[in-house]
Structures are given as C-alpha cells and as structure tokens.
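Below is one structure, written out as structure tokens; comments come after it.
The values are calculated or read from the model by the stated rules, or taken from the named source; none is laboratory data. Note that the coordinates shown come from a computational prediction; the quantities given were computed from them, not determined experimentally. Here the Cβ positions follow ideal geometry from the backbone for every residue, glycine too, while neighbour counts run over all protein chains shown. When the accessible area is computed, the model is the full protein with side chains, heavy atoms only, and any ligands, DNA or RNA have been set aside. Shrake-Rupley method; radii C 1.70, N 1.55, O 1.52, S 1.80 Å.
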Amino acid sequence: MKVKDLVYMSMYVALCLVLDYVSQLIPFLQMPNGGSINLAVVPAIIASYHLGVKKGVSVGILWWAVGFILGMNQWFLNPAQYLFDYIFPAAICGVACLMPRIGKVSNIYTGVVFACVIRFGCTLLSGAYFWPPEGEVAGTAAAWIYSFAYNSYYNLGTMIVALILVPIVISRIKDTQTYVKVS
C-alpha cells in the first residue's frame, strides 16, 4: 500500500469521525431513541470511489473502530445487534463504487442509493429484532412496522444529503485525480 493511500484513508477516517461527532451535536438531526441523519457517510462513500472497494471498506471499519475507542457507538445489547447497528452500516459505504451505471444514471448515484438502502436494511433488521416497541415481541409485524417507520426517517435524510454532496465532491476530486472510479 502506498503512503499516499494511507494518508487519504486517514483523512477520510478523520472526516468521518468529525462529521459523526458534529451530527450528534445538531438536535434536529437526532432521533429520540438513537440514530441520526449521519453526515459521516459522505466521506466514507467518497473514499470508496476515490480509493476503491478494499480501502473504502477499510475506511468504514476504521471509522467505526476509532469511534468506538473514542467513546462513540456505545449502545451494546449483543454482538449481532452491534454488527447491524454500527459495523455493517459503516463498512457497506466502501462498496458503493461497485455499483454500475444504470442507463443515464451515474454509478455515483446508484452507489449512494445502494449503500444507503443496505444501511437502512441493517438498521431495520436491528430495530425489529433488538429494539422492538415497548410491549411488543421482537420480530413481530408490529416490531417490523415500528422499525421501518422509525429508521426510514433518518436513513432517508442521510441518503438525500449523500445524493447531494457526494457527486459534488467527487467531481472536484475527479478534476484533480486520475483514478476516481466514476462511470
């Protein structure tokens, strides 16, 4: 691995951490029982297009790991819940660059939508099985409906923010770099 790539990866991880922290400070981005419109997915997805899938996934995992060390992402019930609430959603941002162009729609947009939909699926699954509404049993229809309603708000907001910011930043990077994977 080149030193240049390590520097880029470190920069993306630092940006993810700062934006994750800033997202937690803005009240209207927060949900009452956890979850937020997460600005940190923007540099994580950009890392995927800039550095490729392996380094993009590494950025996502490092974002989670350093955040955990710094005291972020501390809601822990069991290992499966933790994987679906934190590790998988962070790592999935790194595979955005694998999505193909669909018709005239750039692979940037398909990658952002793919990553955000998979992130939503992870939080939906976690919500239905580990965070059901009070008085309901995990995995029931009521738990799935509650999880869908609760998680769709902030995941949709995250996707909208990413759909706006990621293409803008990638176009600026593309002007200065020769190895951004955009079709």
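A few points about this structure:
- Taken together, VAL7, VAL42 contain a single residue that is part of a helix (DSSP H, G or I), more than 17 Å from the chain's Cα centre (by Cα) and farther than 13 Å from MET72 by Cβ, which is VAL7.
- Within segment 57-75, tally of residues that are out of contact with any Leu (no Cβ under 9 Å at 6 or more places or on another chain) and modelled with pLDDT of 95 or more: 4
- Residue match in segment 17-26 (condition: among the small types (Gly, Ala, Ser) and open to solvent by less than 20 Å² (accessible area, probe 1.4 Å)): yes
- For segment 74-86, the set of residues classified as touching a helix residue (DSSP H, G or I) at 6+ places or on another chain (Cβ under 6 Å) and surrounded by 19 or more Cβ atoms within 10 Å (Cβ to Cβ) consists of PHE84, ASP85, TYR86, listed by residue number.
- Among the conditions (1) of a type in the set (Gly, Ala, Ser); (2) touching a Gly at 6+ places or on another chain (Cβ under 8 Å); (3) loosely packed, with under 14 Cβ neighbours inside 10 Å, the only one that SER10 does not satisfy is (2).
- The residue of segment 123-148 that is modelled with the lowest pLDDT, among those that are over 23 Å from ASN73 (Cβ atoms) and among the aliphatic types (A, V, I, L, M), is VAL137.
- Against the test of being among the hydroxyl-bearing types (Ser, Thr, Tyr), in a helix (DSSP H, G or I) and touching a residue at least 40 places away in the same chain (Cβ under 8 Å), the options TYR82, TYR153 yield a single qualifying residue, TYR153.
- Residue match in segment 93-105 (condition: over 28 Å from VAL59 (Cβ atoms), touching a Phe, Trp or Tyr at 6+ places or on another chain (Cβ under 8 Å) and either part of a loop (DSSP other than H, G, I, E, B) or open to solvent by less than 20 Å² (accessible area, probe 1.4 Å) (or both)): no
- For segment 128-170, filtered to residues that are open to solvent by 40 Å² or more (accessible area, probe 1.4 Å) and hydroxyl-bearing (Ser, Thr, Tyr), the residue that is nearest to GLN30 (Cα to Cα) is TYR153.
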